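Okay, so here's the structure we're looking at.
The values are calculated or read from the model by the stated rules, or taken from the named source; none is laboratory data. On a predicted model such as this, the values are computed, not experimentally measured, just so you know. Cβ coordinates were reconstructed from backbone atoms using ideal geometry, including for glycine residues, and neighbour counts include every protein chain displayed. When the accessible area is computed, the model is the full protein with side chains, heavy atoms only, and any ligands, DNA or RNA have been set aside. Shrake-Rupley method; radii C 1.70, N 1.55, O 1.52, S 1.80 Å.
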Amino acid sequence: MGSTTVVIIGASCAGIPIAHALLKDTPSVKVILINPASTFYFMIAAPRILAKPKAFRSEQYLLPIEREFAHYPKDVFEFVLGVATSISVDAKTVTVNNERIISFDYLVIASGSTTRTMEDDSGIPIPFKHPKSDNIQTLIEEAQQKISQATRIIIAGAGPIGVETAGEIAEAAENRGADVHITLISATDRVLPVLKPRASEVAEHRLKEKKVEIIKSRKVTGAIRSVDRSTWTVSLDNGQSLHADIYIPTVGVIPNNSFIPQEFLDSQGWVKVDEELRVQAGTGSKLPIFAAGDITNNSMKLSFKAAEQAAVVAANLRAEITGKGKRRVYNQGKSIMMLVPIGSSGGTGQIFGWIPWSSLVKMIKGKDFLISRAHSIIAAS
Ligand SMILES: Cc1cc2nc3c(=O)[nH]c(=O)nc-3n(C[C@H](O)[C@H](O)[C@H](O)COP(=O)(O)OP(=O)(O)OC[C@H]3O[C@@H](n4cnc5c(N)ncnc54)[C@H](O)[C@@H]3O)c2cc1C
Ligand SMILES: *[C@@H]1O[C@H](CO)[C@@H](O)[C@H](O)[C@H]1NC(C)=O
Ligand SMILES: *[C@@H]1O[C@H](CO)[C@@H](O)[C@H](O)[C@H]1NC(C)=O
């Protein structure tokens, strides 16, 4: 029996576990994993990494990917450092960096999402995720420096990333005795709108204790940098203008889809998948292409949801390749599991219907932003 080549685009919370699962359990398979960076970035801790440069060592949050695959035979695994630039469904190929063409029998799209803070016009990028090139350490250091020097910071978006980042920057300023004005802008009438109102109250209370100014029910209508690029003017939908040294837009997640055929994408740019996580092109034909994680049109963009999807894709690939084993389906469900530290001593969140005590949020996540679990996301099980 010849071997089956599975190409995986994206090596993070979704792509890496799929590669491990196939290499472990599926005979005669070759996995080719494509990623623009040689390291996995533990983005969950990004708010603390960026606000508190001394909190962690870079080895704790930037973990070499290939090391996790060193124990597989050389001929069954290949890591390709590069950016997938196009997919040909008919030829069953992926092009990397517009030059190398790689053939697949099966393809997995796990290219994830990013934040607006990484867009080219953001001035100094705030790396909550990897950029296209393999230079994240430099970007992190530049952002850390910029953040620690700023005296006026505007954060747009009061979801978990905005709230956590506001809390961390405020606490870092407090710790070094600096007078920093942080403004958090929420489009909704309460912060953390996906959680229960009680969680929003706790978050707002803690943020105010840390002297974060919260502006609610306001949208950012524009953000412009001064000619010398040193300050920002941020306009709100009531005509108000605010000024800052740094502007951090955490609003909205952007799909990494520039290389993905248009017919795979829904109107928001996410990859349409069925419940087996097979990509849907609208033609009704059964494609040898799956997707997992943030890039899919499943709405919960969370790391543990990416891991759940990875297990489903791996099982379905195995069933398809070997003709054996059970197929699985993914259903994200409705329950909410989220812990949102606000500084190192507490926070809020929601565990199913329950709002955890601040001290529990501290104990589980606030103390170290789960950094000790970073390796488990990419390790072979
Ligand atoms: C600041 C922050 C905090 C978060 N905190 C939490 C949390 O506490 N709990 C939680 O559950 N979730 C959290 N999340 C969400 C979580 O990070 C995502 O759900 C998770 O990263 C999704 O994993 P993924 O593998 O689908 O995509 P990603 O992690 O986005 O990874 C995609 C990978 O694909 C690569 N890629 C992209 N384009 C290409 C291409 N063209 N070619 C090759 N490779 C490509 C990227 O470089 C990246 O390595 C947080 C996110 C952020 C930004
Ligand atoms: C993901 O998409 C964003 C927005 O288009 C882009 O800035 C970023 O470089 C992309 N990341 C990768 C790894 O391609
Ligand atoms: C994703 O898109 C497919 C195809 O349009 C659709 O059948 C499916 O219900 C969508 N998934 C979600 C979670 O909306």
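For the reader, a short list of remarks on this structure follows.
- Those residues of the stretch 1-60 which are open to solvent by less than 10 Å² (accessible area, probe 1.4 Å), in a helix (DSSP H, G or I) and free of Cβ contacts under 8 Å to residues at least 60 places away in the same chain, in sequence order: A19
- Note on the stretch 237-280: among residues that are open to solvent by 50 Å² or more (accessible area, probe 1.4 Å), over 16 Å from I155 (Cβ atoms) and not in a loop (DSSP other than H, G, I, E, B), the one that is farthest from ligand 2 (Cβ to nearest atom) is S241.
- Every residue from the stretch 220-236 that is in contact with a strand residue (DSSP E or B) (Cβ under 9 Å, 6 or more places away or on another chain), open to solvent by 40 Å² or more (accessible area, probe 1.4 Å), farther than 22 Å from A170 by Cα and not aliphatic (A, V, I, L, M): T221, R225
- When M363 is tested against (1) under 21 Å from the mean Cα position of the chain (by Cα); (2) open to solvent by 60 Å² or more (accessible area, probe 1.4 Å); (3) of a type in the set (A, V, I, L, M), just one condition goes unmet, and that condition is (1).
- Candidate set: the stretch 252-286, residues that are modelled with pLDDT of 95 or more and on the phi > 0 side of the Ramachandran plot; chosen: the one nearest to ligand 3 (Cβ to nearest atom): L277
Table: residues versus (1) within 27 Å of Q60 (Cα to Cα); (2) not charged (D, E, K, R).
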{"residue": "I101", "(1), (2)": "no, yes"}
{"residue": "L107", "(1), (2)": "no, yes"}
{"residue": "P131", "(1), (2)": "yes, yes"}
{"residue": "A150", "(1), (2)": "yes, yes"}
{"residue": "G162", "(1), (2)": "yes, yes"}
{"residue": "A166", "(1), (2)": "yes, yes"}
{"residue": "A170", "(1), (2)": "yes, yes"}
{"residue": "E174", "(1), (2)": "yes, no"}
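- Single residue of the stretch 130-149 satisfying the filter (surrounded by fewer than 21 Cβ atoms within 10 Å (Cβ to Cβ) and part of a loop (DSSP other than H, G, I, E, B)) that is nearest to ligand 3 (Cβ to nearest atom): K132
- R198 open to solvent by less than 70 Å² (accessible area, probe 1.4 Å), more than 16 Å from ligand 2 (Cβ to nearest atom) and touching a residue at least 24 places away in the same chain (Cβ under 8 Å): no
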